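Undergrad: Supplied in structure tokens, the structure appears directly below.
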Amino acid sequence: MALLRKINQVLLFLLIVTLCGILYKKVHKGTVREDSGTPEELDAEIPVVICAAAGRMGAAMAAINSIYSNTDANILFYVVGLRNTLSRIRKWIEHSKLREINFKVVEFNPMVLKGKIRPDSARPELLQPLNFVRFYLPLLIHQHEKVIYLDDDVIVQGDIQELYDTTLALGHAAAFSDDCDLPSLQDRHRLVGLQNTYMGFLDYRKKTIKDLGISPSTCSFNPGVIVANMTEWKHQRITKQLERWMQKNVEENLYSSSLGGEVATSPMLIVFHGKYSTINPLWHIRHLGWSPDTRYSEHFLQEAKLLHWNGRHKPWDFPSVHNDLWESWFVPDPAGIFKLSHQNS
């Protein structure tokens, strides 16, 4: 009898365990279904890096506003600034319509550039430390495999998810827009000095440049919009390579802003030569700031996914073109410091 009682107890225990297991599975399955069958997709963040310099902070805020307003994707903005601007960046976001965005304010230490930038009086604004943030993406972004970097003088009209989905070929650390893919302009003849080959950025009179073996007629690219693979970037030690060419320029004056007008572009042209993927041309319509007399057609501007006012003529200043498109995304400065110039309205 004692043995039979013991057997019954064991069978009862096993039955209870089995029933509990079935009940747990049902509850657990129901919970997962409620949250989502693919929680990873919901939680996936698209990191967007953009700099907010003291004198042009309104540009970064307009760019952020345009991105956030045109997508349902989960965007994490990395807003990069120097130490003395960090509190102002945070206040602008938290006390404006941008308060709902997901963001991190990141400090960039300009000491990493010490001894690596050659003084150049032609375009001193291009020597500002934040202009080189794109060289140091792995130091700012740690937990993301793929990152978007944008210059501050852009407006995004498309869904940033499309740009993020840009395919990077195996072994490529970044994707850029080819300058040979420039769309036609109504007054293209007015774009005097526009560069779209390596000849416009590097000094081919220097032996170090000649020894690269890169044809001067090679199409250049614009690093104002970058889709980057952080794993490849770190594996190929891209930052170290860029720093090496910055140092060489200090020593040998291999490029300057008097050439292509972008001291941050030249080292990237060297390091990424033949080793980058391309971005859909509609995702980087540029040169809107090249000349105040050159305009795109309204139809073309409506089709563009991203507009870039690279050049001297910014849409928040006078003179400029298509500034109405930019101003529609402008977020007023709660502190009243950043003001628009409406002389061209």
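The values are calculated or read from the model by the stated rules, or taken from the named source; none is laboratory data. What you see is a predicted model; the values in this text were computed from it and never measured. Quick reminder, even Gly has a Cβ in these numbers, built from the backbone with ideal geometry, and neighbours come from all protein chains shown. Protein only, heavy atoms only, side chains kept; ligands, DNA and RNA dropped before computing areas. Shrake-Rupley method; radii C 1.70, N 1.55, O 1.52, S 1.80 Å.
Undergrad: Could you grab me the full set of residues in region 44-70 that are outside any helix (DSSP H, G or I), over 23 Å from Asp165 (Cα atoms) and open to solvent by 10 Å² or more (accessible area, probe 1.4 Å)?
TA: Ala53
Undergrad: Can you report the number of residues in region 269-298 which are among the hydrophobic types (A, V, I, L, M, F, W, C), open to solvent by 10 Å² or more (accessible area, probe 1.4 Å) and more than 20 Å from Asp152 (Cβ to Cβ)?
TA: 2
Undergrad: Inspect all residues belonging to region 221-235 and state whether any of them is more than 25 Å from Trp283 (Cβ to Cβ) and not in a helix (DSSP H, G or I).
TA: Checked against the condition, which is being more than 25 Å from Trp283 (Cβ to Cβ) and not in a helix (DSSP H, G or I), region 221-235 yields no hits at all.
Undergrad: While we're on this one: Return the residues of region 297-333 that are of a type in the set (S, T, N, Q) and in contact with a strand residue (DSSP E or B) (Cβ under 9 Å, 6 or more places away or on another chain); say none if nothing qualifies.
TA: Asn310, Ser328
Undergrad: What residue, among those in region 71-107 that are in a helix (DSSP H, G or I) and among the hydroxyl-bearing types (Ser, Thr, Tyr), is surrounded by the most Cβ atoms within 10 Å (Cβ to Cβ)?
TA: Once the filter is applied, the top-ranked residue is Thr85.
Undergrad: Can you pull out the residues in region 198-224 that are out of contact with any helix residue (DSSP H, G or I) (no Cβ under 7 Å at 6 or more places or on another chain) and either among the hydrophobic types (A, V, I, L, M, F, W, C) or on the phi > 0 side of the Ramachandran plot (or both)?
TA: Within region 198-224, Met199, Ile209, Gly213 meet the criteria.
Undergrad: What single numbered condition from (1) touching a Leu at 6+ places or on another chain (Cβ under 7 Å); (2) in a helix (DSSP H, G or I) fails to hold for Thr239?
TA: Against the list (1) touching a Leu at 6+ places or on another chain (Cβ under 7 Å); (2) in a helix (DSSP H, G or I), Thr239 comes up short only on (1).
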